[in-house]
Structure formats: structure tokens, C-alpha cells
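Throughout, read-outs are computed from the coordinates displayed, never taken from laboratory work. Note that the coordinates shown come from a computational prediction; the quantities given were computed from them, not determined experimentally. Positions of Cβ are generated from backbone atoms using ideal geometry, with glycine treated the same way; all protein chains shown enter the neighbour counts.
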Amino acid sequence: MLRLLILTFPIVLLADSDILWFEEFSGSGEESIGHYILACEDSGFLQIGESYDYSNMSSKILVVKISSNGQLIWSREIYIGEHNLGNSAIELNDGYLICGGMDQNSALIKLDKENGSTIFLETFDNGGTDAFEHATLIPGGIVAVGYVYAQDIYNTFFTEGQGYIMFFDQNGNDLSSQNLSQFIDQAYRVQAVNDELIISGLSEDASDYKIIKMSLDGNIVWHYSYGGDNEDHCFGMDVNDNGDIFLAGHTLSDTQNWDTYTLKINNNGILIWANTIGNPRGFNPEYIHDEAWDIKATNDGGCITIAGTGDEYDEYSECDGQDCSDIWNAYLIKFSSDGNVSWEKTFSSLDVSEEVIDWAGEAIDLTNDGGAIIAIDNGQFGFLRVNNIQNMLLNKNEMQIPKNFWLNNNYPNPFNPSTNIPFSISNEDNVSIIIYDVNGRWITELLNRYMSKGAYSINWNGKDERGSKVSAGVYLFSMTSGEYQHTKKMILLK
């Protein structure tokens with residue numbers, strides 16, 4: 001009997017974002033600056049950056065893991081010599097993989113999830129002062145991108161170096177590498193999409209946004225630059241389930257000062273839309289810097305950009321009550337699928353305390369409840385938990401009991417050969433999880449039994465109900481429990 005999955009049209013609920021809680025943590029130095037944040041599988045959060053001692057211009061990698069309600073679980077400082085950078089992290093099944101630099105060499109560090117202890121630490125002298133900015137999983141291994149031969153070693157955002165990529169096995173052993181300076185000066189982000197790599201960053205002299213599509217064997221498929229006639233600095237990238245690419249950063253092209261610059265590009269490198277926006281508090285735009293550092297694709301085809309907004313000029317200051325231009329705010333912008341601004345909002349220290357200090361948004365990750373976690377730069381590692389970031393896509397029968405059940409995104413995704421599907425139920429009930437192909441045809445049933453309330457995870461090994469391996473491609477996994485039913489996409493690599 002042919003069994004098909006019927007997908008119902010979703011109802012879209014829209015709202016802007018509010019603060020749920022805020023916590024901050026510091027390292028041993030005078031100042032701590034976070035660059036990347038993760039919403040973890042266990043519902044906790046991980047932030048990565050550095051702790052700085054300005055008396056001797058030294059830095060240590062700082063990694064902080066907290067619980068879902070903001071309580072400290074563990075904190076690590078990692079360093080060799082005086083120049084250490086914590087640039088990003090990805091979550092593995094058995095640890096967190098930190099990308100950065102140690103003693104002016106590129107570094108990969110795998111940490112234990114439970115206590116942050118080191119599983120492995122590998123450094124690579126790839127040329128001059130060098131570092132990894134980001135990594136992604138590919139079948140059987142890891143890919144990391146960054147830069148070599150940095151000219152400005154203390155500038156963690158643009159070092160005037162040469163773009164670089166390295167391929168590793170699952171244990172961090174070097175397999176091959178490639179200099180990308182012909183195409184990109186600093187490779188900032190990388191994602192694996194449909195057996196190819198999407199790499200973003202800064203072009204020569206940080207003059208334009210840059211994207212490279214590369215095959216898994218290192219061949220360039222295409223590369224394009226985006227921007228205007230002045231400086232355009234690209235830092236954030238994300239790719240949605242349709243393969244659309246989102247870029248975020250800031251620009252001086254056709255602006256009075258730095259404004260956020262957000263792009264949506266299709267998987268062939270064709271620009272779909274671009275939006276330049278800034279000065280949300282209405283001060284003098286000649287003096288306001290709006291600097292975007294990260295972006296996430298949302299499930300409505302749009303995206304969310306995180307930035308900081310404020311001025312850095314001694315000769316200018318303007319206030320509206322306690323809100324002053326030279327006190328920086330975190331700046332959040334939600335874009336629709338066609339590039340229009342759905343809403344924008346700023347957050348400041350006055351939202352959580354009576355203290356007036358600079359806040360800037362450095363990084364963002366989405367949470368399973370439609371909210372987000374934001375890395376706040378306030379001289380420490382700030383964790384800002386907010387709600388209502390992406391539209392909640394609900395079927396009619398889901399709207400009756402949305403809090404009782406939750407189907408999380410599978411991990412890893414894309415995957416090969418297997419992936420984990422986390423889910424939770426708050427009441428005892430029968431739970432069914434079925435895999436379908438992209439056309440809705442039944443592949444296999446992973447689960448169908450009565451379960452007590454709690455959080456669970458089930459593994460799919462990429463095989464159908466007869467035990468045969470299925471072909472690479474897009475698959476759907478659907479959870480049904482009582483009147484609740486929810487479906488998500490995943491990608492099986494070759």
C-alpha cells in the first residue's frame with residue numbers, strides 16, 4: 001500500500017521580540033569579548049571569545065557553557081603564549097569543536113560537553129600569523145576556514161591576510177589544505193550544503209562581501225563579490241533549507257556612516273535582495289555606526305540580523321532621556337522573505353538593570369521555541385535570551401497544544417551516515433516518528449509506542465524499512481502524538 005504524507009498549509013504568527021532573561025560571565029582578564037554563540041542540543045548555551053589583559057596585550061580563549069535558564073555549568077580559559085583567539089564553535093555528538101588561534105597558529109580544540117575538559121587540541125602553522133574562523137562537518141570529516149599571513153594580528157575582524165581552507169578527518173588530523181587568496185582575503189564562515197561548501201568573508205582590502213561555492217574535493221564552482229563603491233565588511237552567513245544564502249555585515253557604500261548591510265542570494269550566487277538600514281534610535285546619522293556581526297535564516301524565508309548601534313566621536317553626543325548616542329545598544333532586525341523590514345528593536349543595559357553601559361550584539365542563534373540567544377558585548381560574555389524571533393509555523397491541530405510536545409531539528413544536518421532526532425513530550429501518550437522522502441513517500445517508521453513524559457532522541461541510520469541504504473537527498477521526519485503532528489526537513493549526504 002502506498003502511504004503518503006499530507007502537508008497542511010501553515011498559519012503564521014508574527015510578533016517582535018522581548019527579553020526573557022540576561023546573564024553575564026567574565027574571564028580572568030580585564031575584559032571579555034564574545035564572538036560566537038550556540039544553542040546546544042541539551043537546551044543550554046555556549047559562548048566563545050577571548051579574555052584580554054591589556055597590560056601586556058595578551059589574550060586567552062574563553063569558553064562559557066550555561067544551562068537553559070542561564071546558570072553557569074562550566075567555564076574554560078585556553079591559551080599558549082600571549083596571542084589566542086576563540087572565533088567560533090560547532091556541536092558534535094560527543095563534544096564542542098572550537099575554532100581559533102593559539103600563539104599565532106590556527107587551532108582546533110575539541111571539548112567535552114559535560115565539563116569542558118580537552119578531548120584534543122591541534123595547532124597548525126599554516127603561514128605567518130594564522131587562525132581558523134569557522135568549521136563545518138562533511139562526510140567523514142571536518143572543514144575549517146580562516147586566514148594566513150595576517151598583517152594586522154591584533155585586529156580580529158580583518159587581519160589583511162589571505163583566505164585559507166583545511167580538510168580534516170573526524171579526529172582533527174590534517175588531510176589537505178588550500179590557499180584561497182586568489183578569491184578571498186579572510187574566510188569567515190563555511191557551511192556544507194548538498195555536497196558542496198559555501199564560504200563567505202571579506203574580499204581584498206575588505207572592499208566587498210565575498211562568496212565562494214566549492215566542491216568537497218576543493219574545486220571552485222563559482223565565486224562572486226557583492227557591494228558598492230566603498231567598504232563593505234561581511235561577517236555573518238547562514239543558509240536556509242532551500243539553499244538560499246544570507247549575508248550580514250556593514251557598509252559605507254551610499255551611506256552617511258556605517259549601516260547594516262543584509263543580503264539574500266540564491267544557491268547559484270544570484271542576488272535576490274539587499275537591504276541597508278541603520279540609526280534605529282533616530283540620532284544624527286552622520287555619527288552613528290550600525291555594525292552587524294551575525295545572521296540566522298528564519299523559517300519564513302527571511303532572516304534575523306544582530307548588530308550594535310552607537311557613536312564613537314568625542315565631538316558628538318545626543319541624548320533622549322537616558323538613551324544617549326554614545327552608549328551602544330544591541331540592534332536586532334527581522335527581514336521578511338522579500339527583504340522588507342518586518343520589525344527592528346534595540347536592547348540596552350537599562351532593560352535589565354539601572355547601570356548605563358555599552359551593549360552591542362555580537363552573535364545570535366535560534367532556539368527551538370521560536371526565540372533566540374544573543375551574545376552581548378558589554379565587557380563580559382553577555383547572554384541575552386529573547387522570544388518571538390522567527391515566526392511560529394503551526395498547523396491548526398498544533399495550535400491547541402503547542403507547549404506539550406516539541407520536535408527539534410535533527411543533528412547533524414546535513415548528515416552521513418546517521419543523524420539524531422531529538423523530541424520531547426510533557427504528557428504520557430503514543431509517539432510515532434516516520435521518515436518520508438521529499439515527495440511524501442513512506443521510507444521507514446523509527447518509533448511507534450506509548451511513552452512517558454520527558455526528553456528523548458532517536459537515531460536514523462539512513463536506511464529504509466527493509467534495511468537498505470537510501471539515496472542522498474532531502475528527507476522529511478514527522479512526529480505524531482495524539483492530535484499533534486509536526487514535520488521537518490533533513491539532508492542526507494552521499
Worksheet item: Which whole-number percent is the relative contact order of the stretch 89-233 (Cα, under 8 Å, 6+ apart)?
Response: 14 percent
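Net charge around Asp169, counting only other residues with Cβ within less than 14 Å of its Cβ (Lys, Arg = +1; Asp, Glu = -1)?
On the way: positive: Lys110; negative: Glu122, Asp174.
Net charge in that neighbourhood comes out at -1.
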Worksheet entry | Distance between modelled label sites at Glu312 and Tyr54, nm, 7 Å Cα→Cβ extension | 1.3 nm
Worksheet item: Between rounded, prolate and oblate, where does the stretch 14-393 land on the alpha carbon gyration tensor, with a ≥ b ≥ c its root eigenvalues, rounded for a/c under 1.5, else prolate if a/b exceeds b/c?
Response: rounded
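Taking the DSSP beta bridges in the stretch 396-492 as the whole, what percent of them are antiparallel, to the nearest 5? Don't jump to the answer; show the numbers that get you there.
Numbers: 35 of 36 bridges.
Percentage antiparallel, nearest 5: 95.
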Worksheet item: What does the charge dipole of the stretch 14-393 about its Cα centre add up to, to the nearest 20 debye, if the Cβ of each Lys and Arg holds +1 and the Cβ of each Asp and Glu holds -1?
Response: 1220 debye
Worksheet item: Taking a Cβ-Cβ separation under 4.7 Å as the criterion for a possible partner, which cysteines of the chain have none?
Response: Cys40, Cys99, Cys234, Cys303
Practice prompt. Please work out, to two decimal places, the log10 of the ratio I(q)/I(0) at q = 0.19 Å⁻¹ from a Debye calculation in which every Cα of the stretch 433-486 carries one identical scatterer.
Written response: -0.71
Worksheet item: For Lys264, which lysines qualify as cross-link partners when the Cα separation must be under 22 Å and same-chain residues fewer than eight apart are set aside?
Response: Lys210, Lys213, Lys296, Lys334, Lys345, Lys489
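Calculate, in nm to one decimal, what Asp241 and Asp369 gain on full extension: separation in residues at 0.36 nm each, minus their alpha carbon distance. Write down the numbers at each step before the final one.
Working: separation 128, 0.36 × 128 = 46.08 nm, distance 1.84 nm.
Net length gain for the segment: 44.2 nm.
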Worksheet, complete the sentence: Per its Cα gyration tensor (rounded if a/c is under 1.5, else prolate when a/b beats b/c, else oblate), the stretch 396-492 is best filed as prolate
Item to complete: Within the set of other residues whose C-beta is less than 15 Å from the C-beta of Glu122, count the net charge using Lys and Arg as +1 and Asp and Glu as -1.
Response: -4
Discussion item. Residues of the stretch 248-288 with backbone nitrogen within less than 13 Å of a virtual label 7 Å along the Cα-to-Cβ line of Asp338, please, listed as ranges.
Written reply: 273
Worksheet item: For the residue pair Val470 and Asp320, what label-to-label distance in nm results when each label sits 7 Å from Cα along the Cα-to-beta-carbon direction?
Response: 5.1 nm
Worksheet entry | Distance-filtered residues of the stretch 159-188 - backbone nitrogen under 11 Å, label point 7 angstrom along Gln151 Cα→Cβ | 159-162
Worksheet item: Counting Lys +1, Arg +1, Asp -1, Glu -1, what net charge surrounds Lys110 among other residues with beta carbon under 9 Å of its beta carbon?
Response: -3
Item to complete: Compute the Cα gyration tensor for the stretch 134-248, then decide on rounded, prolate or oblate, letting a ≥ b ≥ c be the square roots of its eigenvalues: rounded whenever a/c is under 1.5, prolate when a/b is larger than b/c in the other cases, and oblate in all that remain.
Response: oblate
